[in-house]
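The values are calculated or read from the model by the stated rules, or taken from the named source; none is laboratory data. Here the structure is a predicted model, which means the values were calculated and not measured. Glycine also receives a Cβ, built like all others from the backbone with ideal geometry; neighbour counts cover every protein chain displayed. Side chains are part of the model used for accessible areas, which takes the heavy atoms of the whole protein and leaves out ligands, DNA and RNA. Shrake-Rupley method; radii C 1.70, N 1.55, O 1.52, S 1.80 Å.
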Amino acid sequence: MANAGPIAIVIHGGAGTIAREKLTDEVEVAYRQKLEEAARAGYEVLTRSSKEKGSSSIDAVIAAIVVMEDSELFNAGKGSVLTHAATVEMDASIMEGESLNAGAIAGVRHIRNPIRLARDVMSRSDHVMLIGEGAESFALEHGYELIDNSYFQTPQRMRQLQRIQNTTTGTALSEDNSLGTVGAVAIDRNGNITAATSTGGMTNKRFGRVGDSPIIGAGTYADNSACGVSASGHGEYFIRAVVAHDICARVMYKGIALQQAADEVVLIKLKNMHAEGGVIGIDPQANVVFSFNSTGMYRAAIDKDGELEVLIFKGISD
Ligand code: ASP
């Protein structure tokens, strides 16, 4: 295995309806700064990697996601959206593309950084996915502190819940009701690709509802021979479209570029299902891609030339 390949990281902070006119300058700057901080945190880990230190793309995606989980701006960790019962239940997953190892957790309520727990399920348990109480008892055994659910709840998410409960449709991505799921994909010097996703799910969801984000193949997938992908969008559709794996499978079976594969799934397949959302990805040559059919996707990348871009809206420089 080569030890000096190109490195790159791409992150998202959720795809959905982002109305330019509703985003004040102050809030837009806050998002752009946090996205940059998260991308840099992950990239910094990649620059320190070497063959001896092993697969740093795992540590890189964790570093990037933890920054966003700790920020109230995103629908993951602190600031997660609320269930119908006004509580927070979080899902997360991670997959490493060399071994095809994966870890996921769903419906956790007391874990400050769900992505760290998903990683520990991958590397310290015999299982791929743990849920609810079982996931939290595993966490306790591995030294995690269980924190009060109120830590995750914010007044802004409460207002959002009240707004949606006062409408007739219940759950929808039509407004910014679930916006802010976070994800990261990175490739390290060894050519190892890792993808990860973390979310509070969708506003007003039933308790116990699980979306695509912790489902390996739907919200997250990585295979060094094809690509790594993290998704954001209406989970019920993304699960049925097996979005992340379908994109990687198209790269493998059709021999097409990752951008084309992502566009086929996001702009055609999902669009035909009337499903809104998007994906980020990296291929084995460290090319970074974004694809989304919504009005926006909070996203950033540091590419193989070390160039940073931070984007929100549809335009390529937006
Ligand atoms: N995919 C997430 C879910 O359905 C939500 C999102 O990405 O906006 O739980």
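Please tell me if Asp223 is open to solvent by less than 10 Å² (accessible area, probe 1.4 Å), more than 10 Å from the ligand (Cβ to nearest atom) and not small (Gly, Ala, Ser).
Criteria not met by Asp223.
Would you confirm, using the coordinates I've provided, whether Ser198 is polar (S, T, N, Q), more than 16 Å from the ligand (Cβ to nearest atom), closer than 23 Å to Val67 by Cβ and modelled with pLDDT of 95 or more?
Spelling it out, it is not the case that Ser198 is polar (S, T, N, Q), more than 16 Å from the ligand (Cβ to nearest atom), closer than 23 Å to Val67 by Cβ and modelled with pLDDT of 95 or more.
With more than 10 Å from the ligand (Cβ to nearest atom) and either within 14 Å of Asn75 (Cβ to Cβ) or within 20 Å of the chain's Cα centre (by Cα) (or both) as the only criterion, which of Asn166, Asn204 stands out?
When all the criteria are applied, what remains is Asn204.
Tell me whether segment 285-297 contains one or more residues that are open to solvent by 10 Å² or more (accessible area, probe 1.4 Å), among the hydroxyl-bearing types (Ser, Thr, Tyr) and at pLDDT below 95.
Yes, that holds for at least one residue.
Where in segment 48-147 are there strands (runs of 3 or more DSSP E), lying fully within it, with 2 or more residues that are free of Cβ contacts under 8 Å to residues at least 60 places away in the same chain?
Ranges flagged: 102-108.
Out of the residues in segment 264-282 that are in a helix (DSSP H, G or I) and within 20 Å of Ala184 (Cα to Cα), state the one that is farthest from the chain's Cα centre (by Cα).
Val265
When you scan segment 71-83, do you find a residue that is more than 22 Å from Met297 (Cβ to Cβ) and over 16 Å from the mean Cα position of the chain (by Cα), even just one?
Among the residues of segment 71-83, at least one is more than 22 Å from Met297 (Cβ to Cβ) and over 16 Å from the mean Cα position of the chain (by Cα), which makes the answer yes.
I'd like to check something: does segment 14-24 contain any residue that is charged (D, E, K, R) and at pLDDT 95 or above?
No, the conditions are met nowhere in segment 14-24.
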